[in-house]
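Notes for the one structure printed next.
The values are calculated or read from the model by the stated rules, or taken from the named source; none is laboratory data. What you are looking at is a predicted structure, and each value in this text was computed from that prediction instead of being measured. Because the Cβ atoms are built from the backbone with ideal geometry, glycine has one as well, and the counts that use them run over all protein chains shown.
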Amino acid sequence: MAFILQKMSPLHTACIFEKGYNVLAPRDRANGKSEGRYIGMGWLDKDDIIIWINKIVEKDHDAKIVLHGVSMGGATVMMVTGEKIPSNVVCAIEDCGYTSVFDEFSAQAKNVLHMPSYPIVPMCSVVSKILCKYSFKEASSVKQVKKSSTPTLFIHGANDLYVPTEMVYRNYDAAVCPKEIFVMPEAQHAMSKNQNPDLYWSKVFTFIDDYISK
């Protein structure tokens, strides 16, 4: 059994490892020592994660793989599930992922920079299309989960302002796969697993157990 983690701390990686899972936690593009000039916001990274999935399956045809990501990692997980992936991926956990890169940058313009998203976000999207080969609207978790058959647990903090909580409901409603949703009371961005660790991991492993055993 293997976990592929995105944007998780060593502490939480250890928590999963202690449950008996093999853990793979690759760095995203342009992060740490990974190659790449531009951060892919999940859209470019989904292709890399699929390569990792295939490498695991090459080594173990019977491998059962769980995807788990937080924030941009959560968006990456959703974007991966919308692609053609081996059935070895038995389920996915996305934690506070955004609906699309366009929506997220628009939210940041409003909530962090206190400025209108137009025209800066559309202009940056054009630049991204030229340099990174993807537009901000193209990089959409909502569009991807509409194509997904991978059972997915959607997690979000109730007080998330960085990736507004309303995004999890839009992702969840769009998903056509077997799905569950859990919104952690009072949790801010990416803090659900810290707000109440016992409850968080209980939700995660209860969800996983339904699919690992099949």
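Points worth noting:
- Among the residues of segment 170-214, those identified as of a type in the set (Ser, Thr, Tyr) and either on the phi > 0 side of the Ramachandran plot or surrounded by 15 or more Cβ atoms within 10 Å (Cβ to Cβ) (or both) are Tyr172, Ser192, Tyr200, Tyr211.
- Counting only residues that are outside any loop (DSSP other than H, G, I, E, B) and closer than 17 Å to Phe136 by Cβ, segment 36-53 holds 2 of them.
- Residue check, Ser87 among the polar types (S, T, N, Q) and more than 30 Å from Asp173 (Cβ to Cβ): no
- Close Cβ contacts (under 9 Å, 6 or more residues apart or on different chains) running from residues in segment 11-39 that are farther than 18 Å from Gly74 by Cβ to residues that are loosely packed, with under 14 Cβ neighbours inside 10 Å and at pLDDT 80 or above comprise Ala30/Arg37; Ala30/Tyr38; Arg37/Leu131; Tyr38/Leu131.
- Within segment 77-95, residues that are part of a helix (DSSP H, G or I) sit with their Cβ atoms under 7 Å from residues that are of a type in the set (Lys, Arg), at 6+ positions apart or across chains, in these pairs: Met79/Lys46; Val80/Lys46.
- Unique match (being modelled with pLDDT of 95 or more, closer than 20 Å to Cys91 by Cα, β-branched (Val, Ile, Thr) and assigned to a loop (DSSP other than H, G, I, E, B)) among Val163, Val183, Val176: Val176
- Scan segment 14-35 for residues that are out of contact with any Pro (no Cβ under 9 Å at 6 or more places or on another chain), buried (at least 17 other Cβ atoms within 10 Å of the Cβ) and part of a helix (DSSP H, G or I) and the total you get is 1.
- Pairs are defined by a Cβ separation below 9 Å, a sequence spacing of at least 6 or placement on different chains, a first member in segment 43-58 that is touching a residue at least 60 places away in the same chain (Cβ under 8 Å) and among the aromatic types (Phe, Trp, Tyr), and a second member that is part of a helix (DSSP H, G or I) and crowded, with 17+ Cβ neighbours inside 10 Å; the pairs so defined are Trp43/Ala75; Trp43/Thr76; Trp43/Met79; Trp43/Val101.
- Every condition in (1) without any contact (Cβ under 8 Å) to a residue 40 or more places away in the chain; (2) surrounded by 16 or more Cβ atoms within 10 Å (Cβ to Cβ); (3) assigned to a loop (DSSP other than H, G, I, E, B); (4) not basic (Lys, Arg) holds for Ser106 except the one numbered (3).
- Among the residues of segment 58-80, not a single one is under 15 Å from the mean Cα position of the chain (by Cα), surrounded by fewer than 21 Cβ atoms within 10 Å (Cβ to Cβ) and over 15 Å from Leu153 (Cβ atoms).
- Enumeration of residues in segment 112-160 that are aliphatic (A, V, I, L, M) and part of a helix (DSSP H, G or I): Ile120, Val121, Met123, Val126, Val127, Ile130, Leu131, Val142, Val145
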